[in-house]
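Working notes, structure below.
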Amino acid sequence: MRLLHSLARTHASFDDPNLVSRAGLIPVMALAQRAGLTELVAGHVRPGGPCGVNAYLKVPCLVAGMAAGADSIDDMDLLRHGAMPALFGGIRAPSTLGSHLRSFTWGNVRQLEMVNRQVLGELARRAPLLPGRDTPAFVDIDAMQKRVYGHRKQGAGFGHTKIQGKSLLVRGLNALAATICTPLGAPVIAATRLRGGTANSARGAARFAAEAISTARTIGCTGLLIVRADSSYYSAAFCGAVRRAGARFSVTVNMDPKIAAAIAAIPQTAWIPIRYPRAIWDDQLRCWVSDAQVAEIKYTAFASKKGQAITARLIVRRVRDLNKQAAAGQDELFPAWRYHAVFTDSPVELVQAEEQHRDHAIVEQVFADWTDGPLAHLPSGFFPANAAWLTCAAITHNLLRAAGSLASLAYGKARGATIRRDLIDVAARTARHGRDHITVHLPEGWHREHEWMTMFTAACGPPTAAA
C-alpha cells in the first residue's frame with residue numbers, strides 16, 4: 001500500500017466539527033442508559049464537598065472514557081472532540097473528573113459497588129450476557145497485585161505476584177475481584193474490592209464471596225453454583241460462608257502433613273488416568289504436561305476449629321515427575337509423583353469436578369483484560385479514588401461484555417481490546433435532519449459493519465423482551 005498523492009500535496013487539519021472518532025460509544029452508552037446507570041448513581045452515590053456534585057453525570061463519563069480506551073485521568077480528554085457534545089450531554093473535563101474521584105470516601109466506593117451489582121443485573125436482563133446461567137455456573141474469586149509507582153500512593157505496599165511464572169514481591173495495591181461465568185459465557189465482574197498492597201489475599205474473602213453469590217443469584221444463576229478459588233482462600237470461614245450462601249466450594253489446598261496423609265491413604269487402584277485436551281505448562285518441571293491421574297477421598301478439614309469442621313471431597317491430581325538424570329543413564333527405581341489437591345463439595349463426578357476447578361484460571365483472563373485497558377494504571381494518589389476507579393473499570397467491563405454479546409456470539413467472548421478496536425473505535429460523521437433527528441455516517445466497507453449495526457439496533461432501537 002502506498003500514498004496516491006505526493007507528500008507535498010498531502011495536507012491535514014483538525015477543523016471538522018461533525019466528526020467523532022469513537023462512534024461505538026453511542027450504542028454502548030445507550031445500553032448503559034437503558035440499564036439505569038445514571039439513575040442508580042443519582043440515587044445511591046453521594047460524594048461530599050463541592051467537587052462531589054453531579055455524580056450521575058461524572059461517573060458515566062468515567063465509564064465512557066474507559067470504554068473508549070482511557071487508562072488515566074488525562075485520557076478522559078478523548079471524550080471532548082468534534083461532534084461528541086452533539087451526541088452526549090454532561091461531558092466533563094479530565095481535571096473535573098479527577099477532582100470528583102478524589103471527593104469519594106470509602107462509603108461512597110461501597111455505594112458505587114452496589115451500583116455495579118444492580119447495573120449488572122439489568123444488563124443480564126437486556127443482553128445474553130451469561131448463556132446457560134440456569135445450568136451450572138461458576139463464581140471465581142482471586143486477587144491481583146497491581147504495581148504502582150511514586151511515594152504518594154496511599155495504601156501501597158509490597159505483596160506477592162506472579163510475573164512470567166515467577167513469584168515476586170511487587171509494590172502496589174491489591175485488587176480483589178469476583179467473576180461469574182458459565183460453560184457457554186465469558187466472565188462478568190460481580191464484585192470488586194481494593195485493598196492495601198500488604199493485604200492478605202483471604203482478608204474479608206468470606207463476606208466478599210457471600211456478596212458475589214447473592215449477585216449471581218440476582219442475575220439468574222438459579223442452578224448449581226460453584227465458587228472456585230486458589231489455596232489463599234482455603235479456610236473454614238471462606239468455605240463456611242459459601243455453604244451458608246447456598247453454593248458449593250472448590251478450593252485448592254496446599255500440601256501439609258494432614259493432606260499428605262490423606263493422599264497416602266488413597267489405594268493405587270483408585271487412580272484414574274486422564275489426558276488434557278490441551279497440554280498445560282508446568283512451572284516446576286519447566287515443560288508441557290499432557291498426562292495425569294486423578295483420585296478422590298473423603299476428608300474432614302478444619303477439625304481443630306470447634307464447630308467449624310467441614311467434611312467433603314479431597315480430589316487429587318498427580319503428575320509424574322520427570323527423571324532429570326535419565327539422560328545420564330540413571331533410570332528411576334520407582335515413579336515419583338507430584339500432587340495437586342482440591343477440597344470441594346461439588347456433586348459432579350470426579351473427572352469433571354477436577355476439570356472444572358482447573359478452569360478457575362479464566363479469572364486471569366479478566367485481570368489481563370483489565371491490565372490491557374482501564375486498569376493499566378491506578379491513577380490517583382488517594383486510596384478511595386483508586387477504589388472508585390476500580391469499580392468503574394468493573395462497570396465498563398460488564399458494559400463491553402453486554403455490548404459484545406449483542407453484536408455476535410464471537411464478540412460475546414472477545415477481549416475488551418478487540419471490542420474497542422472493532423466496534424467502538426470507528427470514525428463517523430454526524431448529520432442533522434428534521435427536528436431532533438441525527439444520523440451517524442460510518443465508513444463504507446467497515447469490516448465489522450454487520451456486527452456494529454446489530455449492536456446499534458439492539459441498544460438504540462425499540463425495547464425488546466428481557467433476555
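The values are calculated or read from the model by the stated rules, or taken from the named source; none is laboratory data. Since we're looking at a predicted model, the values are computed, not measured. Note that we place each Cβ from the backbone using ideal geometry, even for glycine, and neighbour counts take in every protein chain shown. Side chains included, ligands, DNA and RNA excluded: accessible areas come from the protein's heavy atoms. Shrake-Rupley method; radii C 1.70, N 1.55, O 1.52, S 1.80 Å.
Please compute the alpha carbon radius of gyration of the stretch 18-175, then divide it by the globular-protein estimate 2.2 N^0.38 Å. Two decimals is fine. Don't jump to the answer; show the numbers that get you there.
On the way: Rg = 18.1 Å, N = 158, 2.2 N^0.38 = 15.1 Å.
The reported ratio for this selection is 1.20.
Which trypsin sites (Lys or Arg not before Pro) from the stretch 133-196 combine a DSSP loop assignment with at most 11 other Cβ atoms within 10 Å?
On the way: sites: R133, K146, R147, R152, K153, K162, K166, R171, R193, R195; in loops: R133, R152, K153.
Within the stretch 133-196, the qualifying trypsin sites (Lys or Arg not before Pro) (loop, at most 11 other Cβ atoms within 10 Å) are R152.
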For the stretch 72-113, the spread of Cα positions along each principal axis, largest first, Å
37, 18, 13
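Add -39500 (n - 2.57) for each DSSP H run of 4 or more in the chain, then divide by its residues: what number comes out at 222 nm, to the nearest 500 deg cm²/dmol?
Details: 14 runs with 156 residues, N = 467.
Helix-only estimate at 222 nm: -10000 deg cm²/dmol.
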In nm, to one decimal, how far is the modelled label at T439 from the one at L350, with both set 7 Å along Cα→Cβ?
6.7
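Let me know the volume per residue of the alpha-carbon convex hull for the stretch 393-467, in Å³. Present the calculation step by step, with values, prior to reporting the outcome.
Details: hull volume 9.1 nm³, N = 75.
In the stretch 393-467, the Cα convex hull volume per residue is 121 Å³.
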Taking only the alpha carbons of the stretch 1-98, the radius of gyration and the largest Cα-Cα distance, Dmax, both in angstrom, are 17.2, 58
Can you pull the accessible area of H377 for me, 1.4 Å probe, Å² to the nearest 10?
90
Averaging sequence separations of C-alpha pairs under 8 Å and six or more residues apart, then dividing by the length of the stretch 1-138, give the relative contact order as a whole percent.
29
For A431 and F88, compute 0.36 nm times the residue count separating them, minus their Cα-Cα distance, and round to one decimal in nm.
122.0 nm
Points 7 angstrom from Cα along the Cβ direction at T418 and H5: gap in nanometres?
3.7
Counting just the Cα atoms, what span does the stretch 1-48 cover along each of its three principal axes? Round to the nearest Å and put the largest first.
58, 26, 18
At a Cα cut-off below 13 Å, give the aspartates and glutamates reachable from K413, other chains included and same-chain residues fewer than 8 away excluded.
D369
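Defining a contact as two alpha carbons under 8 Å apart and six or more residues distant in sequence, what relative contact order in percent does the stretch 355-437 show? Display every interim value, and only then the final one.
Numbers: 38 pairs, mean separation 16.9, N = 83.
Across the stretch 355-437, relative contact order equals 20 percent.
Mind putting a number on the dipole of the chain about its Cα centre? Charges go on the C-beta only, +1 for Lys and Arg and -1 for Asp and Glu, and I need it in Debye to the nearest 20. Show your work: numbers first, answer last.
Values: 53 positive and 36 negative charges, 209 e Å.
Dipole size: approximately 1000 debye.
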So what is the accessible area of the chain per residue, in Å², with the probe set to 1.4 Å?
48
Cα-Cα P(r), the stretch 216-263, percent of pairs per 10 Å interval:
24, 44, 25, 7, 1
Partners for K298 among lysines (Cα-Cα distance below 28 Å; same-chain residues under 8 apart left out)
K258, K306
Heavy-atom accessible surface of the stretch 37-168: percent carbon and sulfur, 1.4 Å
53
Between C460 and A376, what is the label-to-label distance in nm when each label sits 7 Å out along the Cα-to-Cβ direction?
2.7
For K58, the lysines lying under 26 Å Cα to Cα, once residues fewer than eight places off in the same chain are dropped, come out as K146, K153
Contour minus Cα-Cα span, S21 to A261, at 0.36 nm per residue, comes to 80.2 nm
The long-range amide H neighbours of A191, using H built 1.01 Å from N in the peptide plane and a cut-off of under 5 Å, are A178
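Given R₀ = 45 Å, FRET efficiency for R338-T105 by Cβ-Cβ distance, to 0.05?
With a Förster radius of 45 Å, E is 0.40.
Length gain on complete extension for the stretch K166 to Q293, per 0.36 nm per residue less the alpha carbon to alpha carbon distance? Show your work: numbers first, answer last.
Details: separation 127, 0.36 × 127 = 45.72 nm, distance 2.59 nm.
Additional length available on full extension: 43.1 nm.
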Take every Cα pair under 8 Å in the chain that's 6+ residues apart, average their separations, divide by the length, and report that relative contact order as a whole percent.
21
Would you calculate the convex hull of the Cα atoms in the stretch 111-189 and tell me its volume per residue in Å³?
131
Which of (1) 25.0, 87; (2) 24.4, 93; (3) 30.4, 92 is the computed Rg and Dmax of the Cα atoms in Å? It is (1)
